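Inspection log for the structure reproduced underneath, given as structure tokens.
The values are calculated or read from the model by the stated rules, or taken from the named source; none is laboratory data. Since this is a predicted model, take the numbers as computed values, not measurements. Here the Cβ positions follow ideal geometry from the backbone for every residue, glycine too, while neighbour counts run over all protein chains shown.
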Amino acid sequence: MIDLADAVPADAYEVPASLGEVVHLTKPADVFPHAASLSRWMDRDHTVPYDADGPPGQTSIDNLGKMTRRHHRVKTHAPGWQVFQLPGNRFVWITPHGRYRITDVAGTHVVAA
């Protein structure tokens, strides 16, 4: 049995299987705006990029979200994208055009300017 409240952070870039399962159960969908994938086999992305010289525990439920490989590459390599993770498994996205979106288990929510 998995205790969702007992997700132990890891001191490594790789996501341990037990933590990956907690990510899948608490964030079952692609966290990119307007995404629809529910696949179990998506990338686990660090919201704040992992830093090998950074503090311990960077690989944690509070710093991970699932994305398809394409969305992961857009977030990581396309200029202008920003994302912040909020409590409650919510993500605030800022697009390259300055538009705000919030994603959560209910989908994507447009934030009015």
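Hey, among the residues in the range 25-56 that are modelled with pLDDT under 95 and not in a loop (DSSP other than H, G, I, E, B), which one's surrounded by the fewest Cβ atoms within 10 Å (Cβ to Cβ)? Looking at the filtered set, the residue picked out is L25. Assessment of the range 92-105 against the conditions (among the hydrophobic types (A, V, I, L, M, F, W, C), under 16 Å from L25 (Cα atoms), under 16 Å from the mean Cα position of the chain (by Cα) and assigned to a loop (DSSP other than H, G, I, E, B)) yields at least one matching residue.
For (1) over 18 Å from V105 (Cβ atoms); (2) among the hydrophobic types (A, V, I, L, M, F, W, C), each residue gets a yes or a no:
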site: D6; (1), (2): yes, no
site: L64; (1), (2): no, yes
site: F84; (1), (2): no, yes
site: P87; (1), (2): no, no
site: F91; (1), (2): no, yes
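Somewhere in the range 77-87, is a residue of a type outside the set (G, A, S), touching a Lys or Arg at 6+ places or on another chain (Cβ under 8 Å) and either within 22 Å of I102 (Cα to Cα) or not in a loop (DSSP other than H, G, I, E, B) (or both)?
Yes, some residue in the range 77-87 is of a type outside the set (G, A, S), touching a Lys or Arg at 6+ places or on another chain (Cβ under 8 Å) and either within 22 Å of I102 (Cα to Cα) or not in a loop (DSSP other than H, G, I, E, B) (or both).
Taking the criterion of being of a type outside the set (V, I, T), at pLDDT below 95 and within 23 Å of A5 (Cβ to Cβ), would at least one residue in the range 68-88 satisfy it? Lay out the reasoning, then the answer.
Going residue by residue through the range 68-88, those that are of a type outside the set (V, I, T) are 69-73, 75, 77-82, 84-88.
Restricting the remaining residues to those that are at pLDDT below 95 gives 87-88.
Those still in the list that are within 23 Å of A5 (Cβ to Cβ) too: 87-88.
Yes, the range 68-88 contains a residue that is of a type outside the set (V, I, T), at pLDDT below 95 and within 23 Å of A5 (Cβ to Cβ).
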